[in-house]
Amino acid sequence: MVRQDIQNIVILTGAGISAESGIATFRTKGAVSYWETADENGVPILHRVEDVCTPQALARNPALVHRFYDERRAKLAEVAPNPAHEALAALDRAWPGDLLIVTQNVDDLHERAGATRLLHMHGELKSALCAACGKAVAWADPLPPGSACAGCGAPSLRPDIVFFGEMPYDMERIEEALAQADLFVSIGTSGAVYPVAGFVQMARHYGARTLELNLDPSAGSSYFEESRLGPASELVPELVSDLLG
């Protein structure tokens, strides 16, 4: 990687970067998609996406949806940033040009590693959103259905998560950054779901170099100029060291 011609960088991170920290990931078995978690004994628990990650699921069974995200929020206390998160935070501190880390993850591991030039396009576990007024507020505790919004008073707080079928956050800002990027890096993503799957093509359209870091080839690997395969905890520190010289 030649640094001299790189000023502006956009980095996309997905489930693969946090999986090495012990964060449960999205799974597909046959034609059915699940969120995989585990009980206190480590026994896998499979939750259908349709049951916990859609607006219809929230309307149909709010207790289940709130409990699911309460459990995921509580699990954050049991995990820590890994070398990939720490390397990106080091890049954030040292990179003199523009840098935007766009994460699909709803955990807080990037922040805990020290990254600040960061946005969560799919929301955050440690945030609650008022379905009535749209106000978001930091939230670290359990979030029972019917919790009241401090802003408008409506009993309408929900997990601040972008459900399937909802629009990701900050798309305009992401697209502007991609249009200005000299380098686009995708880390630990499947490359199968839009709009994220289209980021590499957008970046290439605007002239950016494109690099994928993934454990295995993704659905979008063919669109990248270069793909490096291996654990994010190894590949990301190597890339950052290269970029920082």
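Tabulated results
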quantity: Cα-projected label distance for Q201 with R112, points at 7 Å along beta-carbon direction, nm; calculated: 3.7 nm
quantity: Theoretical FRET efficiency, 1/(1+(r/R0)^6), r = Cβ-Cβ of E172 and C152, R0 22 Å, to 0.05; calculated: 0.30
quantity: Virtual spin-label span in nm between D242 and Q7, 7 Å along Cα→Cβ; calculated: 2.3 nm
quantity: Accessible surface, per residue, of the chain when the full set of protein chains is kept, probe 1.4 Å, Å²; calculated: 48 Å²
quantity: Stretchable slack from S222 to V193, in nm (0.36 nm times residue separation minus alpha-carbon distance); calculated: 8.9 nm
quantity: Relative contact order of the chain, pairs being alpha-carbon contacts under 8 Å that are 6 or more residues apart, as %; calculated: 23 percent
quantity: Relative contact order [Cα under 8 Å, 6+ residues apart], segment 58-120, whole percent; calculated: 36 percent
quantity: Vicinal HN-Hα couplings computed from phi for segment 101-109 (Karplus, 6.51 cos²θ - 1.76 cosθ + 1.60; Hz; Gly/Pro x); calculated: 9, 9, 10, 7, 7, 9, 7, 10, 6
quantity: Förster radius 22 Å - calculated FRET efficiency between A59 and A136, Cβ distance, rounded to 0.05; calculated: 0.65
quantity: Projected-area average for segment 110-245 over all orientations - Cα convex hull basis, square nanometres; calculated: 9.9 nm²
quantity: Over the chain: helical MRE at 222 nm, DSSP H runs n ≥ 4 each giving -39500 (n - 2.57), nearest 500; calculated: -8500 deg cm²/dmol
quantity: Cysteines (scope the chain) whose Cβ has no counterpart Cys Cβ under 4.7 Å; calculated: C53
quantity: Zone residues, segment 76-109, relative to L119, backbone N less than 11 Å from point 7 Å out along Cα-to-Cβ; calculated: 100-103
quantity: Degrees separating the helix 171-180 axis from the principal Cα axis of the chain, which is the longest one; calculated: 0 degrees
quantity: Angle in degrees between helix 232-244 and the longest Cα principal axis of the chain, rounded to the nearest 10; calculated: 50 degrees
quantity: Per principal axis, descending, Cα span of segment 130-206 in whole Å; calculated: 46, 23, 22
quantity: FRET efficiency for R67 and V43, using Cβ-Cβ distance with R0 set to 22 Å, rounded to 0.05; calculated: 0.80
quantity: Total formal charge among the other residues, if their Cβ is under 11 angstrom from that of P145, Lys/Arg +1 and Asp/Glu -1; calculated: +1
quantity: The chain: angle of helix 83-94 to the longest principal axis, Cα-based, in degrees nearest 10; calculated: 60 degrees
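The values are calculated or read from the model by the stated rules, or taken from the named source; none is laboratory data. All of these numbers come straight from a predicted model, not from anything done at the bench. Please note: Cβ atoms are built from the backbone with ideal geometry, for glycine as well, and neighbour counts cover all protein chains shown. Side chains are part of the model used for accessible areas, which takes the heavy atoms of the whole protein and leaves out ligands, DNA and RNA. Shrake-Rupley method; radii C 1.70, N 1.55, O 1.52, S 1.80 Å.
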